[in-house]
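Worksheet for the structure shown next.
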Amino acid sequence: METYKAGVLTGEQTLEIRELPLRRPGPGQALVKVHSCAICTLEQRVYLGAMKYYPFAGGHEVSGVVAEVGEGVKTLKPGDNVTARLLTSCGECYYCRSGLENQCVISFKASTHEGLNGPGGLAEYMLMDSTALYKMAGGIDLGHAALAEPLACCVHSIGRGNIGLGEDVAVIGAGIMGALHIRLAKLRGARVIACEVDAARLETARKMGADVLVDSSRVDAVAEVKALTEGRGVSVAFCTAALPQLAAQAIAMTDKLGRVVLYSSFHPKNPIELDVNQVHYSEMIITGSVNPLVRDFQISTRLLSSGLIDPTPLISERKPFAQLTEAFERAIDPHTYRVLVTM
Ligand SMILES: [Zn+2]
Ligand SMILES: [Zn+2]
């Protein structure tokens, strides 16, 4: 019997490589030989024991090459480069049927490998429904292709911000999500102001195209943004950092009729004070963004395939599968962007 290896989190900071039987694709399925898989926050939380989903086959930011397709698969063939949408939606609930699958109430039920929880990208092979796979350009760096999922999340958020040509946009936080927001806002024709406390991340913000860098560790970001916009504030502010006081900052630096997008979730979710009259008089919109729609995912794959988005500055390291534990240790270091595991 042919087998393949999959990385499995079995407890706090405990990893195993398991041998699993290789199954052939059934009707509508495709077998993917995995090339790269990034270690996202979800995997880090399970690794650190903040979420105890053991045994957990992690890895939802993944790319690979189609090895074999089952009966009835129309748009994929062996040799195609692909990425996968692994954090799926049910297709049956009120939100899914309304075309709002990112709000699905039963989402994230992926279980790629028999008998294991989790999306399972940290493995040599994945057997999946072909509908979850997105074809990428033939010549693409498959490490870049693995970042289609986080980019898709940001594509959704940019849509919520509804950026107009020539508008001023602030992005608070220049972690990977902030950095992708910066690049996408540039593509939408905005002048982008990046607010960040860390010098190295500000440098990444610059590489991703930010027009103005605001070092929030030295200056009052709100006052600085106001000064840069003749006192009005920005048309759109994206908060990509998990601190509630930064959500308050985003609201404070936003112009009349502006949009505030709370992209990040908040930990801890302390309440903030809201000047309700600021919202009333300014007609601003305060909204959130959570998970990509299928359409956002497709847009993301096109942006990467065409090279409109180059995520090179966001890949800190590539580690071979044999060094999976080291890869996790590097990923939990807050100074890294994405750590990729290469199969
Ligand atoms: Zn992710
Ligand atoms: Zn649903």
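The table below lists the values:
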read-out: Every pair of residues 6+ apart whose Cβ atoms lie under 9 Å, when the first sits in the stretch 322-333 and is touching a residue at least 40 places away in the same chain (Cβ under 8 Å) while the second is aromatic (Phe, Trp, Tyr); value: Ala327/Phe321; Phe328/Tyr47; Ala331/Tyr47; Ile332/Tyr47
read-out: From the options Gly121, Gly115, residue that is in contact with a Cys (Cβ under 6 Å, 6 or more places away or on another chain), of a type outside the set (A, V, I, L, M), within 22 Å of Tyr4 (Cβ to Cβ) and part of a loop (DSSP other than H, G, I, E, B); value: Gly121
read-out: Subset of the stretch 78-96 [open to solvent by less than 20 Å² (accessible area, probe 1.4 Å), within 15 Å of ligand 1 (Cβ to nearest atom) and either out of contact with any helix residue (DSSP H, G or I) (no Cβ under 8 Å at 6 or more places or on another chain) or of a type in the set (Ser, Thr, Tyr) (or both)]; value: Thr83
read-out: Glu71 vs. criteria more than 16 Å from ligand 2 (Cβ to nearest atom) and either open to solvent by 80 Å² or more (accessible area, probe 1.4 Å) or not in a strand (DSSP E or B) (or both); value: yes
read-out: Residue check, Gly58 away from ligand 2 (no atom under 16 Å from the Cβ), modelled with pLDDT of 90 or more and surrounded by fewer than 16 Cβ atoms within 10 Å (Cβ to Cβ); value: no
read-out: Criterion (free of Cβ contacts under 8 Å to residues at least 12 places away in the same chain and either away from ligand 1 (no atom under 16 Å from the Cβ) or within 23 Å of the chain's Cα centre (by Cα) (or both)) met by exactly one of Thr14, Thr10, Thr75; value: Thr14
read-out: Residue in the stretch 96-112 that is in contact with a Phe, Trp or Tyr (Cβ under 6 Å, 6 or more places away or on another chain) and assigned by TED's automatic domain parsing to the domain that holds Leu324 present; value: yes
read-out: Matching residues in the stretch 97-108 - criterion: being more than 16 Å from ligand 1 (Cβ to nearest atom) and in a loop (DSSP other than H, G, I, E, B); value: Ser98, Gly99, Leu100, Cys104, Val105, Ile106
read-out: Complete set of residues in the stretch 293-314 that are within 21 Å of Ala241 (Cβ to Cβ) and either surrounded by fewer than 21 Cβ atoms within 10 Å (Cβ to Cβ) or at pLDDT below 95 (or both); value: Pro313
read-out: Among the residues listed as Val212, Val225, Val219, Val236, the single one being more than 24 Å from Arg338 (Cβ to Cβ) and touching a Leu at 6+ places or on another chain (Cβ under 7 Å); value: Val212
read-out: Any hit, the stretch 33-52, residues being among the small types (Gly, Ala, Ser), away from ligand 1 (no atom under 16 Å from the Cβ) and assigned to a loop (DSSP other than H, G, I, E, B); value: yes
read-out: Residue ranges of strands (runs of 3 or more DSSP E) in the stretch 147-252 with at least 3 members without any contact (Cβ under 8 Å) to a residue 40 or more places away in the chain and open to solvent by 10 Å² or more (accessible area, probe 1.4 Å); value: 212-215
read-out: Output for the stretch 1-30, where each listed residue is of a type in the set (A, V, I, L, M) and within 15 Å of Leu86 (Cβ to Cβ); value: Ala6, Ala30
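The values are calculated or read from the model by the stated rules, or taken from the named source; none is laboratory data. What you see is a predicted model, and the numbers here were worked out from it, not measured in a lab. Note that we place each Cβ from the backbone using ideal geometry, even for glycine, and neighbour counts take in every protein chain shown. Heavy atoms of the whole protein, side chains included, go into the accessibility calculation; ligands, DNA and RNA do not. Shrake-Rupley method; radii C 1.70, N 1.55, O 1.52, S 1.80 Å.
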